[in-house]
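Working notes, structure below.
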Amino acid sequence: MEQRAELVVACRQWARGPVPFRHTVLPSGGVMSVRTVCLGWHWQPYRYARTADDVNGARVAAFPDWLGDLGRSAVAEAYGDEDAARAFTPDTALINFYDDTARMGMHQDKEERSGAPVVSLSIGARCVFRFGNTEGRGRPYTDVELTSGDLFVFGGPSRFAYHGVPKVYAGTADPAAGLRAGRLNLTLRETGMASGDA
């Protein structure tokens with residue numbers, strides 16, 4: 001609980017900038033219902049950059065070492081392998097905020113140049129997380145209910161599985177962690193990008 005509350009405070013600070021939370025505009029012209037802020041590298045469909053040229057042109061906030069440590073701890077526990085944990089060097093975080101009506105369509109996390117696992121942490125309202133297959137957006141998929149504090153790692157053969165969030169349950173937020181409404185999702189990733197790629 002204490003760690004969740006600390007993460008909520010940190011997310012509020014990151015949401016203020018230098019690049020603020022925004023609704024991402026897709027190349028099709030559609031607008032994502034979640035609001036996103038990035039650390040380390042800025043994600044915009046469908047690439048990474050050091051500056052948020054689609055928002056305000058500012059350089060994104062740095063990816064903090066302590067968040068990388070959290071990711072390595074998760075990989076160590078999920079894989080039961082300290083070597084795998086040491087090899088995991090996340091350099092970006094995508095932080096999504098879902099209000100009660102927000103959704104995330106089925107998609108792959110494939111802009112990264114690395115096949116390293118993705119660590120995903122949920123804080124706040126319960127949701128349905130739909131974990132699919134690597135071939136397409138349709139079945140087979142498995143719906144899993146995620147609650148505040150749930151953390152999972154997807155890697156190996158599942159690293160590029162399609163996934164999404166078709167439902168957020170209103171009224172299930174985590175006031176003790178500092179969220180009266182909505183859901184935060186933090187995903188920690190290795191971009192595989194070098195500093196000269198910016």
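The values are calculated or read from the model by the stated rules, or taken from the named source; none is laboratory data. Keep in mind that this is a model prediction, so the values were computed, not measured. Ideal geometry is used to build each Cβ from the backbone, glycine not excepted, and the neighbour counts take in all protein chains shown. With ligands, DNA and RNA removed, areas are computed over all heavy atoms of the protein, side chains included. Shrake-Rupley method; radii C 1.70, N 1.55, O 1.52, S 1.80 Å.
Collect the residues in segment 84-131 that are of a type in the set (Ser, Thr, Tyr) and open to solvent by 40 Å² or more (accessible area, probe 1.4 Å), keeping them in residue-number order.
Keep residues of segment 84-131 that are of a type in the set (Ser, Thr, Tyr), which gives 89, 92, 98, 101, 114, 120, 122.
Of everything in segment 84-131, those that are of a type in the set (Ser, Thr, Tyr) and open to solvent by 40 Å² or more (accessible area, probe 1.4 Å) turn out to be 89, 101.
Looking at 170, 177 in this structure, which one is open to solvent by less than 30 Å² (accessible area, probe 1.4 Å), more than 24 Å from residue 79 (Cα to Cα) and touching a residue at least 60 places away in the same chain (Cβ under 8 Å)? Talk me through it step by step, then tell me what you get.
Details: 170 fails: open to solvent by less than 30 Å² (accessible area, probe 1.4 Å).
Just one listed residue meets the conditions, 177.
For segment 85-129, a tally of residues being of a type in the set (Ser, Thr, Tyr) and part of a loop (DSSP other than H, G, I, E, B) returns 3. Does residue 134 qualify as being part of a loop (DSSP other than H, G, I, E, B) and open to solvent by less than 10 Å² (accessible area, probe 1.4 Å)? So residue 134 does not fit the description; no. Applying the criterion of being more than 22 Å from residue 9 (Cβ to Cβ) and part of a loop (DSSP other than H, G, I, E, B) to the residues of segment 53-83, the residue that is least open to solvent (accessible area, probe 1.4 Å) is 57. For residue 145, indicate whether it is open to solvent by 20 Å² or more (accessible area, probe 1.4 Å), in contact (Cβ under 8 Å) with a residue 12 or more places away in the chain and within 14 Å of the chain's Cα centre (by Cα). Here the answer is no, as residue 145 does not meet what is asked.
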